[in-house]
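To start, the structure under review is shown below, and the notes come after it.
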Amino acid sequence: MSNNVATEPNDLGKFFIERANAGDVDGLVALYEPDAVLAFPPGSVATGHAEIRKVYEQFVAAAPVLVPGRQHPQLVSGDVALTACTLDNGEVTVEVARRQPDGSWLWAVDQPTVAS
């Protein structure tokens, strides 16, 4: 599969870092299912590609430089997976990914800041 498709759930986290650092809003939105839920910024929830796009347009405008955190082993049960990453600042991200009909993975639920 192409480099743009997540063949494993944990590929999504790697792609997120690359695309965020590149300022690629379309690429970030493409990591999510059309009806996905994103809990970011903390205290708010964005549902679906249009709302998620607005969040990432603001996020990318701030030009953050992200460094990869410590990706935890993915937990896969059939077509659903739990992914998590501990960031440099100690915060933990948790995501639910779902296998798509073509075998690739997309995030269905994303909680970027769970605990610090």
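Read the figures in this text as sums done on the coordinates, not as results from a lab. This one's a predicted model, so the numbers in the text were calculated from it and none came from an experiment. Heads up, the Cβs are rebuilt from the backbone with ideal geometry, glycines too, and the neighbour counts pull from every protein chain shown.
Okay, here's what the table says:
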quantity: In nm, spacing of pseudo-spin labels at Glu51 and Ile17 (7 Å Cα→C-beta vector); calculated: 2.9 nm
quantity: Virtual spin-label span in nm between Ala61 and Asp24, 7 Å along Cα→Cβ; calculated: 2.2 nm
quantity: Per-selection Kirkwood Rh - region 26-116 (Cα, Å, 1 d.p.); calculated: 13.7 Å
quantity: Additional length obtainable on full extension of the chain from Thr7 to Thr86, 0.36 nm per residue less Cα span; calculated: 26.3 nm
quantity: DSSP-defined antiparallel bridges as percent of all bridges, the chain, nearest 5; calculated: 85 percent
quantity: Estimated 222 nm signal from helices in the chain, with DSSP H stretches of n ≥ 4 weighted -39500 (n - 2.57), rounded to 500; calculated: -7500 deg cm²/dmol
